[in-house]
Each structure stands twice: as structure tokens, then as C-alpha cells.
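Here the structure comes first, spelled out in C-alpha cells, and everything after it is commentary.
Here, each number is a calculation from the coordinates, and none is a lab measurement. Everything numeric in this text was worked out from a predicted model, so none of it was measured. Cβ: placed from backbone, ideal geometry, glycine included. Neighbour counts: every protein chain shown.
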Amino acid sequence: MSTMNLDGALSAVIRQAVKDELGELRAEVRALAAQVEHLRRSLPAQLFSVQEAAAHLDVSTVTVRRMVKRGDLPYRRLGRSVRVDLAALHPWTDEAVAQAAARARAR
């Protein structure tokens, strides 16, 4: 077998091994993302007053009330008071899921 054929065969084997490994990792990340989403949904909401939400979002209380009225902010009513669920504003990104998966694997 010539060196050229050997290099080509070796490259093909390496490409296939990487492809297989990436497929397994993608499946693992999808499974972890589903678990994270399930956990996120099962946690109690982090509810903040309008004033606290305004401070976290660096906007005025009037803006928070407008956003609630438009449906731009997830909220709940507790009696007459409005509580904003800030945790629902920050869904997990692919990068955050990958970081959480890396931390979980390191344990």
C-alpha cells in the first residue's frame, strides 16, 4: 500500500471516529438540555416585586408595569400585587447547557 493510500485511509478512519464521537456528544447534550429544562420547570418561580424587577432589569417601575401589561414579562398576581418571574426571562442557551454538561461530567 502506498503512503498516499495509507494517508487517505487513515484520514477516513479519523473522520469517521470524530463523526461518531460528535454524534454521541450531541445526543448527550440534547439529553442534558432536556433534563435541565425539566429541572428549571420544576423549580419554584423566582418572583420579584415590580420595584425589584425594575432594579434587576435596570429600567423604571413604569416600564416594568408596561411590560407586564403587554405580556412581555412573565408574572403572577398575589392578591393585588404583581410579582415578576425573572428566571423565566433567561431560558438556557446552547452554550449554557454545554457548560452545565461539562460541570456535570467533571463531578
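Numbers for the structure displayed
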{"quantity": "Extension gain from GLU52 to HIS38, taking 0.36 nm per residue of separation minus the Cα-Cα distance", "calculated": "2.4 nm"}
{"quantity": "Surrounding net charge for ARG76, when Lys and Arg each add one and Asp and Glu each subtract one, Cβ distance under 11 Å", "calculated": "+1"}
{"quantity": "Volume of the Cα convex hull of region 3-106, divided per residue and given in Å³", "calculated": "154"}
{"quantity": "Full-stretch length increase - ALA12, ARG105 - with 0.36 nm per residue and alpha-carbon distance subtracted", "calculated": "30.6 nm"}
{"quantity": "Helix 3-42 axis, angle to the chain major axis (alpha carbon atoms, nearest 10°)", "calculated": "20"}
{"quantity": "Rounded tilt (10° steps) of 61-70 against the dominant C-alpha axis of the chain", "calculated": "70"}
